[in-house]
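S.K.: Next up is a structure, given as structure tokens.
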Amino acid sequence: MLFIISGPSGVGKTFIIRKIIKSDPCLDNIIPCTTREKRPNEKHGQDYFFLSEEKFKEKIKNKEFLEWAIVHNNYYGTLKKEVENAKKSLILNIDFQGALQIKKKKIQAIFIFIKPESLDKLSSRIKKRGELKKEDLEIRLKNAKNEIKQATKHYDYVVINRENKSNQTIKKILQIIKHNS
């Protein structure tokens, strides 16, 4: 089974997915590819496969991606072979555009959107992550607002990740997974 988890930048997707996978041995995740700069706490091959734009475009040309998108001026994508070779149910951390691509391809999956408690709290979380130009923050918040507005139309479930209550979010998502496995 395939579980797609999306949500705005800074909502806590990566943290939540890591905790879910640690708590259920029947689940695994696929490491996505990106062209964005690596953050100080991230590792190549563990958080993302960090690729040059040239290498990413080559993979697009060779149709190696299940889905890909340009988000905040960086490429993100999920390799087909990673999904095809999976031996467990998968949780994919995929942005809004990528999730819509998977829906359009009619790939059977459960779509879960993680929503922030508020845009103000989301803004604070993004700022805490480090250096971000004011314009970039504004773009991320604008995108978040649009995604949140459309989430109920495109996703099977919408789960609110409340500040300092990520364990509740994890528990809800695990219940969704159990219900749909």
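S.K.: Given the options Ile126, Ile112, name the one that is in contact (Cβ under 8 Å) with a residue 60 or more places away in the chain, part of a strand (DSSP E or B), closer than 19 Å to Phe15 by Cα and aliphatic (A, V, I, L, M).
M.R.: That would be Ile112, the only listed residue that is in contact (Cβ under 8 Å) with a residue 60 or more places away in the chain, part of a strand (DSSP E or B), closer than 19 Å to Phe15 by Cα and aliphatic (A, V, I, L, M).
S.K.: So, of the residues in segment 88-105 that are of a type outside the set (Val, Ile, Thr) and assigned to a helix (DSSP H, G or I), which turns out to be surrounded by the fewest Cβ atoms within 10 Å (Cβ to Cβ)? It would help to see each step written out before you state the result.
M.R.: Of segment 88-105, the ones of a type outside the set (Val, Ile, Thr) are 88-90, 92-93, 95-101, 103-105.
Imposing the further condition that a residue be assigned to a helix (DSSP H, G or I) reduces the set to 96-101, 103-104.
Working: Phe96: 22, Gln97: 16, Gly98: 23, Ala99: 24, Leu100: 17, Gln101: 19, Lys103: 15, Lys104: 9.
Among those that are of a type outside the set (Val, Ile, Thr) and assigned to a helix (DSSP H, G or I), it is Lys104.
S.K.: What is the residue count in segment 22-48 for residues that are without any contact (Cβ under 8 Å) to a residue 24 or more places away in the chain and either closer than 18 Å to Gly98 by Cβ or among the small types (Gly, Ala, Ser) (or both)?
M.R.: Final tally of qualifying residues: 2.
S.K.: For segment 170-181, enumerate the residues that are farther than 24 Å from Lys105 by Cβ and within 15 Å of the chain's Cα centre (by Cα).
M.R.: Within segment 170-181, just Ile170 meets the criteria.
S.K.: Give just the number: which of (1) within 21 Å of Ile17 (Cα to Cα); (2) outside any strand (DSSP E or B); (3) within 18 Å of the chain's Cα centre (by Cα) does Lys145 not satisfy?
M.R.: (1)
S.K.: Hey, can you tell me all the residues within segment 10-30 that are assigned to a loop (DSSP other than H, G, I, E, B) and over 23 Å from Arg140 (Cα atoms)?
M.R.: Matches in segment 10-30: Asp24, Pro25, Cys26, Ile30.
S.K.: Looking only at segment 120-142, filter to residues that are exposed (fewer than 14 other Cβ atoms within 10 Å of the Cβ) and either polar (S, T, N, Q) or modelled with pLDDT of 90 or more (or both); which one of those is nearest to the chain's Cα centre (by Cα)?
M.R.: Lys142
S.K.: Also: Could you list, in sequence order, the residues of segment 1-30 that are over 23 Å from Glu163 (Cα atoms) and either modelled with pLDDT under 90 or buried (at least 17 other Cβ atoms within 10 Å of the Cβ) (or both)?
M.R.: Leu2, Phe3, Leu27, Asn29, Ile30
S.K.: If I go through segment 21-48 residue by residue, how many of them are more than 26 Å from Lys178 (Cβ to Cβ) and β-branched (Val, Ile, Thr)?
M.R.: Total meeting the criteria: 2.
S.K.: Give all pairs with beta carbons closer than 7 Å in which a residue from segment 147-160 that is exposed (fewer than 13 other Cβ atoms within 10 Å of the Cβ) meets a residue that is modelled with pLDDT of 95 or more; count only pairs at least 6 apart in sequence or on separate chains.
M.R.: Pairs found: Thr152/Val158.
S.K.: Considering only segment 31-59, state which residues are surrounded by 11 or more Cβ atoms within 10 Å (Cβ to Cβ) and assigned to a helix (DSSP H, G or I).
M.R.: Across segment 31-59, the qualifying residues are Lys55, Phe56, Lys57, Glu58, Lys59.
The values are calculated or read from the model by the stated rules, or taken from the named source; none is laboratory data. Note that the structure is a prediction, hence the values are computed from the model and not measured. Glycine gets a Cβ as well: all are built from the backbone with ideal geometry, and neighbour counts include every protein chain shown.
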